[in-house]
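Working notes, beginning with the structure itself.
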Amino acid sequence: MILGCALAEPSPVQLSVVGVTLGCRPGRVGILTSIERTAYPRFKRLITAHELHLFFSPTREEAAWAAERMDADGHQLALLLALKSYQRMGRFPKPDEYPEMVVDFVRRAVELPEGTMSLWATGRTAERQRTEVRRRVGATYDQARARRIAEESIRKEAAAKNRPADLINIALEKVVEAGRSCRRSPPSTRWPRRSAAR
């Protein structure tokens, strides 16, 4: 679905996505990608039971891995949520992004006590946990290499695809295929700002 915008204000409004800028000027309609087509992975509004089991069921090895590293149930739950979401989305969502149904499903899957709340680490502890998750899934944190891969794939595909979300999805797939990890923040604020159609 494509959304347009017509603005009453005199200044242009721009949406920058991995170097592609789309704008809307007063009285003109611009093209903006709907939230469902954005490349920055998000949790779906409605997650089916099948998807929960397919993407968020921790294996016995994953549960044991988390239990070895965390002493409190809440920290263990948070680490498992980070692991499963990173495996699914290739990023670490903010603690408030996790749907209650996903948190509850993972908690029940590893048989943690009812009412266990995920306790999210901050600062250096959070970074160590993210490093552990990356190591577990075999990803390396190489932002410069990830940017090069993303830029190369966008330039290559720009001739055939013209929607920014499609270009970003391709770039993210290539980065993940290369076994690289990008920053936690959205690519729209961190990746190259050059035009994809050169």
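Highest mean packing comes first when the peptides 118-127, 42-51, 146-155, 79-88 are listed by Cβ atoms within 10 Å, giving 79-88, 146-155, 118-127, 42-51. Cross-link partners of Lys44 among aspartates and glutamates, defined as those whose alpha carbon lies under 20 angstrom from its own and excluding same-chain residues fewer than eight positions apart: Glu36, Asp96, Glu97, Glu100, Asp104, Asp166, Glu173. Hey, which lysines would be in cross-link range of Lys156, C-alpha to C-alpha under 20 Å, not counting anything within fewer than 8 residues on its own chain? Straight-distance partners of Lys156: Lys174.
Sorted largest first, the spans of the alpha carbon positions of the range 49-137 along the three principal axes are 34, 26, 26 Å.
Values quoted throughout were computed directly from the atomic coordinates according to the rules given, and no laboratory measurement underlies them. This is a predicted model, so every value here is computed, not measured. Glycine gets a Cβ as well: all are built from the backbone with ideal geometry, and neighbour counts include every protein chain shown.
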